[in-house]
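Here's the structure we're looking at; comments come further down.
The values are calculated or read from the model by the stated rules, or taken from the named source; none is laboratory data. The shown structure was predicted, so the numbers you read here are calculated from the model rather than taken from an experiment. Counting neighbours? That spans all protein chains shown, and the Cβs are built from the backbone with ideal geometry, glycine included. Just so you know, the surface numbers come from the protein's heavy atoms only, side chains and all, with ligands and any DNA or RNA stripped out. Shrake-Rupley method; radii C 1.70, N 1.55, O 1.52, S 1.80 Å.
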Amino acid sequence: MDLTKKISMVTGAGQGIGEGIAKILAEHGSKVILVDLNGESAQKVADEINQKFPDNAFSFEADLTDESAINALMSYVDKKFQRLDCICNNAAASKGIGPVETYSLEDVQATLDLTFTSLWKCLAAEIKYLKKQSSPASIVNISSNAALKGYAFNSMYAASKAAVNNLTQSVAKEVARHHIRMNAVSPGTINTPGVKKYFEQEPGAKDVLERSSLLRRIGEPEEIGEMVAFLLSDRSSYITGQIISVDGGSSVN
């Protein structure tokens, strides 16, 4: 699974799943652009990568709800590398939690903006760039098992990720003739800072979620990274339009 000489970009790469993905792509030989709203976090991860793989990681601070920031990002990529081979759209967040009837319109709109609309904006700019460069490329969008099974008391996030799945499949049909592949990875419960904090607040939740997995454990960000690396690599050249769960079997349990 060689990504040597590939140029990759990962959004939401300052921590958690995005951090794990960026580190795995670098381990497989790719140069990686780490994009995050928190520029300091992205730079910290880039520094950690560069300690192991010198000059392989570059950080870029951007608010991906802002089209001008996305355009600035793509201009940076073009100026620095003149091409882009691999993209992972991972950035997402939700606002509000609780029964559906208690959500405010503002929370619904914010969750859609952060989880779906910003990804669509990124995708539009990315595909425009990839079509112009006219060389094969691969895109992976990060979804969630919440999109497959629903997520009680976080329904807007689940619905947003379901939209990401459909967008992935729909756009895969549009861009295949341009030699662009597009898939989505759907993580189960992953050991991110947010999940760790949740376990501290709800100690019993860890055992419940571990038992929900056929493998009886929580996943690690790097395990998502390995699947993303495979889908971005030439080894997956006949895979497109797929939603692939990486969840220890929880989606079938």
Report yes if some residue within region 227-234 is of a type in the set (Phe, Trp, Tyr), modelled with pLDDT under 90 and surrounded by 14 or more Cβ atoms within 10 Å (Cβ to Cβ); otherwise report no. no
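Among the candidates ILE49, ILE87, which residue alone is more than 19 Å from ASN141 (Cα to Cα), under 20 Å from the mean Cα position of the chain (by Cα) and in contact (Cβ under 8 Å) with a residue 24 or more places away in the chain?
ILE49
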Go through region 103-139 and give me each residue that's closer than 20 Å to SER237 by Cα and either among the small types (Gly, Ala, Ser) or touching a Gly at 6+ places or on another chain (Cβ under 9 Å) (or both). SER134, SER135, ALA137, SER138
Report, by residue number, each residue of region 235-253 that is over 19 Å from ILE17 (Cα atoms) and at pLDDT 95 or above. ARG235, SER236, SER237, TYR238, ILE239, THR240, GLY241, GLN242
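Tally up the residues in region 205-216 that are among the aliphatic types (A, V, I, L, M), surrounded by fewer than 16 Cβ atoms within 10 Å (Cβ to Cβ) and in a helix (DSSP H, G or I), please.
Qualifying residue count, region 205-216: 2.
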Identify all residues within region 50-66 that are open to solvent by 50 Å² or more (accessible area, probe 1.4 Å), touching a helix residue (DSSP H, G or I) at 6+ places or on another chain (Cβ under 9 Å) and part of a helix (DSSP H, G or I); write none if there are none. LYS52
Of the residues GLY241, GLY219, which is within 21 Å of ALA162 (Cβ to Cβ) and crowded, with 17+ Cβ neighbours inside 10 Å? GLY219
Taking region 33-49 as the region of interest, how many residues are acidic (Asp, Glu), over 20 Å from LEU114 (Cβ atoms) and in contact with a helix residue (DSSP H, G or I) (Cβ under 8 Å, 6 or more places away or on another chain)? 1
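Take the residues of region 23-49 that are among the small types (Gly, Ala, Ser) and within 19 Å of ARG235 (Cβ to Cβ): which is surrounded by the fewest Cβ atoms within 10 Å (Cβ to Cβ)?
So the residue we want is GLY29.
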Residues of region 76-89 being acidic (Asp, Glu) and open to solvent by 50 Å² or more (accessible area, probe 1.4 Å), which ones? ASP78
Pick out, from region 90-199, the helices (runs of 4 or more DSSP H) lying fully within it that include 2 or more residues that are basic (Lys, Arg) and open to solvent by 70 Å² or more (accessible area, probe 1.4 Å). 118-133
Exactly one condition in (1) over 19 Å from SER144 (Cα atoms); (2) in contact (Cβ under 8 Å) with a residue 40 or more places away in the chain; (3) assigned to a helix (DSSP H, G or I) is not met by GLU40; state its number. (2)
